[in-house]
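The values are calculated or read from the model by the stated rules, or taken from the named source; none is laboratory data. All of these numbers come straight from a predicted model, not from anything done at the bench. Here Cβ is always computed from backbone atoms with ideal geometry, including for glycine, and neighbour counts include all displayed protein chains. For accessibility, only protein heavy atoms count, side chains too; no ligands or nucleic acids. Shrake-Rupley method; radii C 1.70, N 1.55, O 1.52, S 1.80 Å.
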Amino acid sequence: MSHDAHLAPIADGLFAWLPGRTGTWGMANCGLLVSEGQAALIDTPYDLPRTHALLDACAPVLGAAGARIGTAITTHSNGDHSYGLAALSDIEIIGTEDYLHALEHEPTPHQMHQLVNEMPQDQPTAWYLRRHFGRFQFEDLAVVPPTRTFSGQLELRVGAAEVRLVQAGPAHTDGDLWVHLPQHGVVFAGDLAFADDHPVHWAGPLDNVIDACLSILATGATVIVPGHGPLMTPADLHAHIDYLSWVRDQARTLHAQGVPAQAAAVHLIDSGRYAGLGLPERLAITVSTEYRHLEGETETPNLVSLVDAAARIALSRENPKVPGPRSSVEGSNVSPPYQT
C-alpha cells in the first residue's frame, strides 16, 4: 500500500484522498464532503485495505463534525473507483443510469484476480498486469451497484452543501459523471481528467471527453480533482484539453491515411510530444477507442486485448530486445513526427 496516501483539505468541509502515485494504474483519487452532521464519499479505492485506510483517515474528521457517511457518489464503474463500495453498508450509492450498462462489461474482482495471478507469466499481458495490479487484493470483493441512478443532471444536498452531478458518458466509460460543488469552487472530475500520466479512455469518442472537460471549466471551479494524479488548476485542465485534442486530431489523420491503430499509437509516442507524461503505452488503448468510432464500430471491445497492446508497447520500450509494435509507419505517406 502506498504510504503517501493522505486526506488533504481543499475547502471548508471538503477533502481529497490522494494516493500520491503516478506512473501506475489503479491509484485513484477520492473525496470526502462533510456538512452539518452529514457526509458523502466521492469514489472509493480499488480494494478493501485501501478503502479501510481511507475510512480510517476520514474517522477523525467525521468524529469532530459529529457526522456519518450516508451517501457515496461513484463517478464511473471502473473498479479502481468503485470496488471499495463493498466496505460500506447502510448507505445510498449514486451513479448514472448508464453506469449499470457499463457494469455488464467491467471485469469483476474475481476476474481481475484471475488475470493478475493465473495468466501464464510468459505473456506480456501477464507481466504488465502483475506489475501494475499485483499490489491490489481482489479476493473477497463483490461488485456493489448504485442504489440510485439518474440521467442528465442530479442536484442534492449534503447538509448545507450543494452537490451537482452531471452525466458525461460515453466518454472515459459509458457511465461517467462529474461532481460540482459550487459553494466550494471544486469539481471532482473522475477519469475525465488525468494529471501527470497519459489518460486511458475505454468508451469515447474523445470529443465527448473534451466536451466534458470544457463543461467543467465553464463552472468557474478553481480546483479540479482528477481521477488520478495531483490536484489541477483551470490552466492545468486547459493543457489537458490541448493534449486530448492533439491525440484526437492525430488519430483522425493517421486513420485517414490507413495507418493501423497500434502503429499510430507508437508513432505518437515516438514523436516525443508529451514525453513528460507517464504510461505512454496507454495511447494504444485511447487511439484504438478513437479508431472504433471513426470506423462506426458499436461492439464492446475485448478489454484484455486492448491491455495486451499496451503491454507489448511497454515491454518493448523497457527491453528493446523484445519485439513490439513497429514505430515506423510503413506503406503510407505519414510525415515525420507531427508538430502542432
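Structural remarks
- Count of segment 86-111 residues which are among the small types (G, A, S), modelled with pLDDT of 95 or more and assigned to a helix (DSSP H, G or I): 2
- Segment 17-41 - residue that is touching a residue at least 40 places away in the same chain (Cβ under 8 Å), farther than 22 Å from G278 by Cα and outside any loop (DSSP other than H, G, I, E, B) and, of those, most open to solvent (accessible area, probe 1.4 Å): Q38
- Test: residue in segment 240-249 that is closer than 24 Å to D308 by Cα and either open to solvent by 40 Å² or more (accessible area, probe 1.4 Å) or of a type in the set (K, R) (or both): yes
- Hits in segment 275-305 - residues which are over 21 Å from P107 (Cβ atoms) and open to solvent by 60 Å² or more (accessible area, probe 1.4 Å): A275, G276, H293, L294, E295
Residue-wise test of (1) closer than 19 Å to S305 by Cβ; (2) open to solvent by 30 Å² or more (accessible area, probe 1.4 Å).
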site	(1), (2)
T75	no, no
L85	no, no
E106	yes, yes
M112	yes, no
W127	yes, yes
H132	yes, no
D140	no, yes
L156	no, no
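- Qualifying residue in segment 208-224 (condition: among the small types (G, A, S) and within 18 Å of the chain's Cα centre (by Cα)): yes
- Number of residues in segment 169-194 that are in contact (Cβ under 8 Å) with a residue 24 or more places away in the chain, within 19 Å of P9 (Cβ to Cβ) and open to solvent by 10 Å² or more (accessible area, probe 1.4 Å): the value is 4.
- Residue ID - surrounded by the most Cβ atoms within 10 Å (Cβ to Cβ), chosen from residues in segment 306-319 that are charged (D, E, K, R) and free of Cβ contacts under 8 Å to residues at least 60 places away in the same chain: R317
- In segment 1-16, the qualifying residues are those that are part of a loop (DSSP other than H, G, I, E, B) and among the aliphatic types (A, V, I, L, M), and the one that is farthest from the chain's Cα centre (by Cα) is M1.
- Consider segment 261-274 and keep the residues that are outside any helix (DSSP H, G or I) and small (G, A, S). The one that is most open to solvent (accessible area, probe 1.4 Å) is G272.
- Qualifying positions in segment 42-58 - open to solvent by less than 10 Å² (accessible area, probe 1.4 Å) and among the acidic types (D, E): D43, D47
- Hits in segment 131-160 - residues which are free of Cβ contacts under 8 Å to residues at least 24 places away in the same chain, farther than 19 Å from G79 by Cβ and in a loop (DSSP other than H, G, I, E, B): G152
- Scanning segment 227-239 for residues that are part of a loop (DSSP other than H, G, I, E, B), β-branched (V, I, T), at pLDDT 95 or above and under 25 Å from S82 (Cβ atoms) turns up nothing.
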